[in-house]
Amino acid sequence: MPVLVIQERRRLYRESMTACLKRQLDAFDVIEGVADAAGLLRLAESRHLDHAVIEVDGVSWDVAVLAGRLRHHNPSLQLIGLAASVRSSAIEGVRILSRVAGPDQVAELVCPGHAREVPFVLTSSSSSASSPLSGQQLRVLALLSLGMTVAEVAARLRLSEGAVTKAKVAIFSKLGVQSQAHAVASALAAGWLGPAAASSVVLTGERL
């Protein structure tokens, strides 16, 4: 079974992406992700990695050197890079995706035409009904749970940054929290955010 791993410094993004890809890629072993290049190299020494999703900009390591060292362990390793600017982040042997890409786009690159159609991040209709947050606020919070910035959430949902910031303020107020991490933790604990299910409200890029 092919092995896939996510390298991403943002823990919430890494864990959410891993959870979604596990459901989408039935024929893959999507293993627990790592935060940095050192962790990825240690993993490559102990596991045969077939696919790796890595950060390619804003990092303290040389991505080309990292790619070479990883392929020393497996020359056929497929690398997908997450970048703020797809056009300006060309790296030989690395397929580049935007940082705002969701698991569905990663899954399509890894296994074209064979990934299950599973929602990005979602809330079930039953649990979301008990949430004090509106549908718009839940969608914003779901994307924030992936570690996205206000600008990235705005781009994904085709909203203004001001609208996203306003939604964040409302979320904090309704949940009685002071931080984004606490808001996400509260929503996950309450079941308003979670892995995909048939009765889900899908996060898409439509205007809210």
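The values are calculated or read from the model by the stated rules, or taken from the named source; none is laboratory data. All of these numbers come straight from a predicted model, not from anything done at the bench. So basically every Cβ, Gly included, is an ideal-geometry build from the backbone, and we count neighbours across all protein chains shown.
In table form, for the structure just shown:
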item: Options ARG139, ARG158; residue that is closer than 21 Å to LEU97 by Cα and either hydroxyl-bearing (Ser, Thr, Tyr) or not assigned by TED's automatic domain parsing to the domain that holds ARG14 (or both); result: ARG158
item: Any hit, the stretch 167-185, residues being at pLDDT 75 or above, surrounded by 21 or more Cβ atoms within 10 Å (Cβ to Cβ) and under 17 Å from CYS20 (Cα atoms); result: yes
item: Residue under evaluation CYS20, criteria (1) in contact with a helix residue (DSSP H, G or I) (Cβ under 6 Å, 6 or more places away or on another chain); (2) at pLDDT 95 or above, criterion not met; result: (2)
item: Residue tally, condition touching a Ser or Thr at 6+ places or on another chain (Cβ under 9 Å) and of a type in the set (Ser, Thr, Tyr), over the stretch 36-95; result: 1
item: Complete set of residues in the stretch 82-97 that are out of contact with any Asp or Glu (no Cβ under 7 Å at 6 or more places or on another chain) and within 17 Å of ARG9 (Cβ to Cβ); result: LEU97
item: Tally, over the stretch 97-113, of residues that are among the hydrophobic types (A, V, I, L, M, F, W, C), at pLDDT 75 or above and within 13 Å of the chain's Cα centre (by Cα); result: 3
item: Condition check for VAL86: surrounded by 13 or more Cβ atoms within 10 Å (Cβ to Cβ), farther than 18 Å from THR18 by Cα, in contact with a strand residue (DSSP E or B) (Cβ under 7 Å, 6 or more places away or on another chain) and at pLDDT 85 or above; result: no
item: Filter result for ARG116 (at pLDDT 55 or above, in contact with a helix residue (DSSP H, G or I) (Cβ under 8 Å, 6 or more places away or on another chain) and within 17 Å of LEU4 (Cβ to Cβ)); result: yes
